[in-house]
Amino acid sequence: MGRHRRPLAPAQGPTLQARRKLAAGLAGASALVATALALAVDPAAPPAPDRPAAGIPAPQAAP
């Protein structure tokens, strides 16, 4: 009695490669758009006057 092979999955070969290329292209394009958007858009409002700006440590009280 001969052995039977399992049928190939429908997403094998060129279809799988095309899906991977499309996914890689969309990921790259979205990263570029996000970077451009972050550089082009100004913040909606300045930081609050009672809080330090982001990245600047708050001044410490003298002991």
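The values are calculated or read from the model by the stated rules, or taken from the named source; none is laboratory data. Since we're looking at a predicted model, the values are computed, not measured. Ideal geometry is used to build each Cβ from the backbone, glycine not excepted, and the neighbour counts take in all protein chains shown. Accessible surface areas use protein heavy atoms only, side chains included; no ligands, DNA or RNA. Shrake-Rupley method; radii C 1.70, N 1.55, O 1.52, S 1.80 Å.
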- Rounded FRET efficiency, nearest 0.05, which uses the C-beta distance separating Q17 from V41 and R0 of 22 Å: 0.05
- To the nearest 0.05, the calculated FRET efficiency linking H4 and S30 through their beta-carbon distance, R0 being 35 Å, is 0.20
- With a 1.4 Å probe and every protein chain left in place, tell me how much accessible area L32 has, in Å² to the nearest 10. 130 Å²
